[in-house]
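The values are calculated or read from the model by the stated rules, or taken from the named source; none is laboratory data. Since we're looking at a predicted model, the values are computed, not measured. Positions of Cβ are generated from backbone atoms using ideal geometry, with glycine treated the same way; all protein chains shown enter the neighbour counts.
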Amino acid sequence: DILRPHALRYPVHPGELSGSLGGNVNTNAGGMRAVRHGVTRHHVIGLEVVLIDGTVVRTGGPVVKLSSGYDLTQLLIGSEGTLALVTEVTLRLSPAFAHSATVLVPFATLEEVTRVVPSIVASGLEPSMTEYIDLVTMRAMTDAASLELGVSPDVAGATTAYLVVVLETRTGAQLERDLEDLARMLEDAGALDTYVLAGGVAQRLIEARERMFVGGQGGRRRRH
């Protein structure tokens, strides 16, 4: 919200949205959008940390290149608090995209999904997200969130796996071209259909997917 008036954003989108920025640094969080935007370490250019003896240390800084000495910033990212306590983070921000589309793609088999994803990533479309959702998880998500995705009964009955693809572009014309290219690629890969979700439905689907991931993580932790 703070960055929106400046048409900027921090593109990392971790699955645990309640986490702090310091927590993102400690775990090198990535999330579902890492396919295009990378993980936390790709966007951190400086840190302020406190060592175990109370010493305050600054690493990196607000510059594009810093090549002198050891790269302590990258050493600390992902160290999960074992080396220092993160108290300040300097980020490399990215321009916000003005146009986006979320595409829901049902497939008859998981094999078709796994074959098409590398092709999409290598195609030059630069999707921000390519997320596989199995049939059981999708049913649980849509039931819990009371989501209606608009998938026809015939297609839903033949589906065993879903792929969610998010495209982001700077212009509407580019988004239309990318959607057309993606649709052709998906059809060639055996997709049962292609659905471009409305903005509100798309957002709720992504949020439901994040909740399922966090809930699953919590369940695994409790079993241990």
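When both residues are 6+ apart or on different chains and their Cβ atoms are under 9 Å apart, which pairs have a first residue that lies in region 144-172 and is free of Cβ contacts under 8 Å to residues at least 24 places away in the same chain, and a second that is among the aliphatic types (A, V, I, L, M)? Close Cβ pairs (under 9 Å, with a partner that is among the aliphatic types (A, V, I, L, M)) amount to Asp154/Leu192.
Note on region 29-85: residues that are polar (S, T, N, Q) and free of Cβ contacts under 8 Å to residues at least 24 places away in the same chain amount to 5. Pairs are defined by a Cβ separation below 7 Å, a sequence spacing of at least 6 or placement on different chains, a first member in region 86-112 that is closer than 30 Å to Thr160 by Cβ, and a second member that is assigned to a loop (DSSP other than H, G, I, E, B) and polar (S, T, N, Q); the pairs so defined are Val103/Thr194; Val105/Thr194; Pro106/Thr159; Phe107/Thr159; Ala108/Thr159; Ala108/Thr160; Thr109/Thr160; Leu110/Thr160. Among the residues making up region 140-155, those that are in a loop (DSSP other than H, G, I, E, B) and of a type in the set (A, V, I, L, M, F, W, C) are Leu147, Leu149, Val151.
Yes/no per residue for (1) part of a helix (DSSP H, G or I); (2) out of contact with any strand residue (DSSP E or B) (no Cβ under 6 Å at 6 or more places or on another chain); (3) surrounded by 14 or more Cβ atoms within 10 Å (Cβ to Cβ):
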| position | (1), (2), (3) |
| --- | --- |
| Gly157 | yes, yes, no |
| Tyr162 | no, no, yes |
| Val165 | no, no, yes |
| Glu168 | no, no, yes |
| Glu176 | yes, yes, no |
| Glu180 | yes, yes, no |
| Leu186 | yes, no, yes |
| Leu192 | no, no, yes |
| Ile206 | yes, yes, yes |
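Only residues that are in a loop (DSSP other than H, G, I, E, B), of a type in the set (A, V, I, L, M, F, W, C) and surrounded by 13 or more Cβ atoms within 10 Å (Cβ to Cβ) were counted across region 48-72, and they come to 1.
The single condition from (1) at pLDDT below 95; (2) in contact with a Leu (Cβ under 9 Å, 6 or more places away or on another chain); (3) closer than 30 Å to Gly172 by Cα that Gly30 fails is (2).
Taken over region 82-112, the criterion of being part of a helix (DSSP H, G or I) and farther than 29 Å from Leu175 by Cβ is satisfied by Glu111 alone.
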